[in-house]
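Where a number appears in this text, it was derived from the coordinates with a stated rule and is not lab data. As the structure is a computational prediction, the values presented were derived from the model and not from experiment. Note that we place each Cβ from the backbone using ideal geometry, even for glycine, and neighbour counts take in every protein chain shown.
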Amino acid sequence: MSELNAFRTEVREWMAGHLTGKFAALKYRGGSGEGDALPELRKEWERELAAGRWTCPGWPAEHGGRGLSVAEQVVFQEEYSRAGGPGRMGHIGEGLMGPTLIAFGTEEQKRRFLPGIRSGTEFWAQGYSEPSAGSDFGNIKTRAKLDPISGDWIVSGQKVWTSLAHLSDWIFVVARCEEGSVGRNGLIFLLMPLAQPGVDIHPIKQIGGGAEFNSVFFDNARAKADDVLGQPGDGWKIAMALLGFERGISTLGQQMSFQQELDLIVEIAKENGSDRSPAIRQRVAYAWTGLRAMRYLAMRVLSDDQSAETRREALTYKYQWSNWHRDLGRLAMDVLKMDANIVADDPRRERLQQMFLFARADTIYGGTNEIQLNIIAEQGLGMPREPRGKL
Amino acid sequence: MLEFTPDQQMIREEAQRFLRGESSSEAIRRVVDTGASHDAALWNSISRELGWCAMAIPEEFGGLGLGATEVAILMELTGARLACVPFWSTVCLAAPLLQSAGSEEAKVKYLGAIAAGEMAATVAYADLSVADPAATVAVKAIRADGGYRLDGKVAQVIDLEVADVVLVPAELEDGTTALFALTRDAGQTVTPLKVLDATRSIAALELTLEVSAESRIDDAGVGAEQFQQALTLANLGLAAEQLGATQGALDVTLAYIAERVQFGRTIASFQAIKHRCAKLVVDVAETRSLVFGAAQGLGTSGAVESALEIAGARVLASDLQFRAAEEAIQLHGGVGFTWEYDPHLYFKRAQASAALLGAREAQLDRIAASVFGDGGLK
């Protein structure tokens with residue numbers, strides 16, 4: 001425990017010493033809803049983190065990480081968020097691509113790609129969703145055709161909701177490589193540079209005015225023969241494994257920023273008199289309760305507990321936090337009263353307005369509420385599966 | 001991280017196995033249909049043979065010296081089976097009060113007997129429906145002939161009929177509060193009340209009697225803090241029990257809908273029904289996490305914070321228990337509101353439990369007072 005406290009102090013001091021000067025402008029920025037804010041400075045911040053060896057701290061030492069335990073990673077996330085650390089531009093590379101490369105990549109692929117992720121110089125985007133493959137992820141239509149001469153893969157199709165593609169260097173793409181295959185069969189996992197002919201990126205303006213998502217169009221774009229992860233046909237397996245790597249360690253950092261949002265709401269309520277309303281007070285207390293419960297749920301999910309209850313209840317985490325956050329957005333606006341509608345140069349209000357708007361996406365991306373409930377019912381309770389349609 | 005120790009896991013599994021066999025629907029109905037105050041055979045096993053009452057009592061008084069988590073585990077499981085035993089009243093209501101407010105002598109005597117499984121106990125709070133049931137006192141104590149004269153009525157005392165001893169907070173002439181322990185033969189009038197939730201008995205207590213000085217068991221008056229300390233455990237135990245009853249209602253429902261066929265398919269295959277069950281799991285996960293997170297915190301530092309978390313757990317558990325019970329009735333369809341099927345037992349317990357120790361508004365007010373740091377609305 002005291003070692004963990006010493007580690008906490010180390011992170012805290014590092015953040016205090018480095019999130020200053022020009023980087024001070026990044027405090028609390030680049031979170032959900034404004035993932036595209038201050039991109040160049042945030043990329044520079046990634047390199048600052050890298051210099052302190054704070055990128056990829058959970059990776060094994062042999063791949064340049066610190067090999068931190070789960071408990072230490074949680075501490076890092078908490079202290080990073082507590083200090084107001086900005087949204088991580090390198091998140092997809094560090095949390096998703098890196099661990100997947102470590103698990104499935106060839107030595108050559110690891111040698112080529114891991115250092116760029118670790119040093120904060122190469123940024124990754126995730127090419128999963130498509131216009132007709134949202135919740136039904138198996139319905140992927142983007143095609144990859146083998147060029148028999150070069151051995152390269154020629155990719156055509158469209159990905160959508162691709163976070164930060166316009167600010168990234170590489171994208172991993174799940175595409176259909178076997179003619180006539182359906183569902184999870186016949187898919188391939190490709191690593192592709194975004195700066196090439198045949199790749200066209202269109203930012204999508206969101207509900208809050210920002211644009212962190214994109215449509216990415218591929219028109220005979222190319223993935224090198226060496227840039228297939230696993231074997232052709234392994235796409236589904238690798239795509240699913242990638243989603244499993246997160247294990248929710250970053251969620252305790254996310255909860256820290258939820259706590260900051262709640263604190264902000266309380267602060268504003270005390271200033272504008274909303275704290276005199278019994279109904280508002282009860283909603284604030286209810287939000288506080290939900291956040292506490294969420295914290296303990298995350299601590300159960302991250303423990304070694306393999307009991308049936310914990311495995312089943314771990315499935316509820318996404319539903320839990322996204323709906324809590326969505327409700328918090330509404331509460332924030334009710335506390336602000338008519339000011340909620342006025343856009344002004346007030347960072348506190350702006351943060352809550354963005355949260356209010358972007359939280360509507362929380363219950364949609366990464367598996368909608370409805371899909372989450374299907375998963376809980378089917379995988380958690382063993383209830384009958386939804387039948388597939390024929391359209 | 002938050003998980004049970006191997007010992008806690010073992011306690012849980014063994015208790016689950018035992019209750020599955022011994023606190024069946026038939027066993028509950030033997031109590032409910034005959035108007036009995038409790039399941040005497042089950043209570044005998046739990047208290048004397050399995051030693052569950054000894055769990056959180058300190059070793060110096062003959063207990064096992066374990067913590068709030070172990071008690072919460074057992075409360076959850078007795079709740080899941082609606083076990084008709086005075087376990088909550090003895091272990092969560094009375095024992096913590098003896099521990100926080102009792103004299104050394106009283107602890108040796110009463111905690112020792114509870115730990116040994118020889119005593120069921122309860123507390124005659126003036127009004128168990130409010131968040132601070134010790135704020136008002138229904139009984140007056142006047143010094144007389146080297147002892148005390150007790151006068152007063154308490155409208156509802158949980159498990160009073162089965163309790164071997166009832167702890168009575170009473171107001172002295174100087175306005176301070178003393179605690180008396182009355183055994184069955186002390187001369188009190190106990191009037192059993194007919195209850196909707198017949199799985200937990202309630203009786204009225206009337207006192208017009210003189211007791212010896214030895215009946216007074218506090219050291220030098222009982223303060224608000226001592227009551228609060230005891231009530232925190234009562235709330236934790238109740239939240240755990242409510243969580244268990246929620247899981248119980250959900251399990252009964254899942255079993256039924258997996259068998260019930262309409263339109264050529266089990267009704268469990270309808271998405272409308274799957275989603276409602278899944279939503280209950282979401283809320284069970286939330287409530288379970290808070291109950292056991294708070295229980296663990298209680299044993300370590302930050303007890304003030306844990307008490308607020310327990311208040312929050314009561315809010316979640318009360319909302320959820322009722323919803324699980326009403327869903328049990330709804331998803332059972334027509335048979336859901338018959339006496340023959342079990343949902344009504346969970347439904348009645350849900351309403352009765354939510355009314356104990358403060359409604360959700362009172363719990364939320366308490367949390368808000370702390371979050372806003374203003375002591376509450378005046």
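Please compute the alpha carbon radius of gyration of chain B, then divide it by the globular-protein estimate 2.2 N^0.38 Å. Two decimals is fine.
Taking the Cα Rg and dividing by 2.2 N^0.38 Å, one obtains 0.99.
Say a site is exposed when it is one of the GluC sites (Glu not before Pro), sits in a DSSP loop, and has at most 13 other Cβ atoms within 10 Å; what is then the longest site-free stretch of chain B?
B:174-339
Tell me, what is the Rg over Rh of the protein assembly as shown, with Rh the Kirkwood radius over Cα pairs?
My calculation puts Rg/Rh at 1.03.
Just tell me how shielded B:368-376 is by partners: mean number of partner chain Cβ atoms within 10 Å of each residue's Cβ, no decimals.
5
If the viscosity is 0.890 mPa s and the temperature 25 °C, what Stokes-Einstein diffusion coefficient in µm²/s follows for chain A when Rh is the Kirkwood radius over Cα pairs?
Rounded, D is 110 µm²/s.
Using a 7 Å offset from the Cα along the Cα-to-Cβ direction at both residue B:330 and residue A:225, what is the distance between the two label points in nm, to one decimal?
6.1
Per residue, what volume in Å³ does the Cα convex hull of region B:283-378 take up?
Normalising the Cα hull of region B:283-378 by residue number yields 109 Å³.
Starting from the Cα of residue B:109, draw a straight line to each of the lysines and keep only those under 30 Å, dropping any in the same chain fewer than 8 residues away.
Output for residue B:109: B:140, B:153.
Along each principal axis of its Cα atoms, how long is region B:123-215 end to end? Whole angstroms, biggest number first, please.
So the extents along the principal axes, rounded to whole Å, are 42, 30, 16.
Roughly how tilted is helix A:2-18, in degrees to the nearest 10 and between 0 and 90, from the longest Cα axis of chain A?
Around 90 degrees separate the two axes.
Test of understanding: extend the Cα→C-beta vector of residue B:118 to 7 Å, then name every residue of region B:53-74 with backbone N under 13 Å from that spot.
In region B:53-74, the label zone of residue B:118 (backbone N under 13 Å from the point 7 Å along Cα→Cβ) covers B:62.
Pairs A:43/A:205; B:348/B:378; A:22/A:205; A:159/A:318; A:43/A:318: which are spaced more than 31 Å apart, C-alpha to C-alpha?
Violating the 31 Å Cα-Cα cut-off are B:348/B:378.
Under the definition of Cα pairs under 8 Å and six or more residues apart, what whole-number percent is the relative contact order of chain A?
Numbers: 614 pairs, mean separation 53.1, N = 391.
Contact order relative to length: 14 percent.
List the trypsin sites (Lys or Arg not before Pro) in region A:242-280 that DSSP assigns to loop (not H, G, I, E or B) and whose Cβ has at most 15 other Cβ atoms within 10 Å. Which are they?
When the trypsin sites (Lys or Arg not before Pro) of region A:242-280 are filtered for loop state and at most 15 Cβ neighbours within 10 Å, A:247 remain.
Could you compute the FRET efficiency for residue A:364 and residue A:103, with r as their C-beta to C-beta distance and R0 at 22 Å, rounded to 0.05?
Numbers: r = 28 Å, r/R0 = 1.29.
Efficiency for this residue pair is about 0.20.
When only C-alpha pairs under 8 Å and at least 6 residues apart count, what is the relative contact order of chain B, in percent?
The value is 17 percent.
Taking a ≥ b ≥ c as the square roots of the eigenvalues of the Cα gyration tensor of region A:124-234, is the shape rounded (a/c under 1.5), prolate (a/b larger than b/c) or oblate?
Note, shape of region A:124-234 comes out oblate.
To the nearest 10 degrees, how steep is helix B:68-80 against the longest Cα principal axis of chain B, on a 0 to 90 scale?
The angle comes out at about 50 degrees.
Out of the chymotrypsin sites (Phe, Trp or Tyr not before Pro) in region B:232-301, which ones are loop residues according to DSSP with at most 13 other C-beta atoms within 10 Å?
On the way: sites: B:256, B:263, B:270, B:292; in loops: B:263, B:270.
Here the sparse-neighbourhood loop sites are B:263.
Take residue B:64, project a point 7 Å from its Cα along the Cβ direction, then tell me which residues of region B:131-168 have their backbone nitrogen under 17 Å from it.
None, by backbone N distance to the label point.
Taking chain B as the reference, fit the longest principal axis to its C-alpha atoms, fit the long axis of helix B:303-332 to the helix C-alpha atoms, and give the angle between the two in degrees, 0 to 90, nearest 10.
It is inclined by approximately 40 degrees.
If you build the convex hull over the alpha carbons only and average its shadow over all orientations, what do you get for region B:6-120? Give it in nm² to one decimal.
If I average the Cα hull's projected area over directions, I get 6.8 nm².
Would you tell me the mean number of C-beta atoms belonging to other protein chains that fall within 10 Å of each C-beta in B:315-326, as a whole number?
For peptide B:315-326, the averaged partner shielding equals 1.
Report, in whole Å, the centroid distance computed from the Cα atoms of region A:326-387 and region B:341-360.
Spelled out, the Cα-based centre of one part sits 31 Å from the other.
Based on the alpha-carbon gyration tensor of region B:206-353 and its eigenvalue square roots a ≥ b ≥ c, which shape applies: rounded if a/c is under 1.5, prolate if not and a/b is larger than b/c, or oblate?
It comes out oblate by the Cα gyration axes.
What distance in nm separates the simple spin-label points at residue A:246 and residue A:132, each placed 7 Å from Cα in the Cβ direction?
Result: 2.7 nm between the two label points.
Using only the alpha-carbon atoms of region A:2-89 as identical scatterers, what base-10 log of I(q)/I(0) does the Debye formula give at q = 0.19 Å⁻¹?
So the normalised log intensities work out to -0.87.
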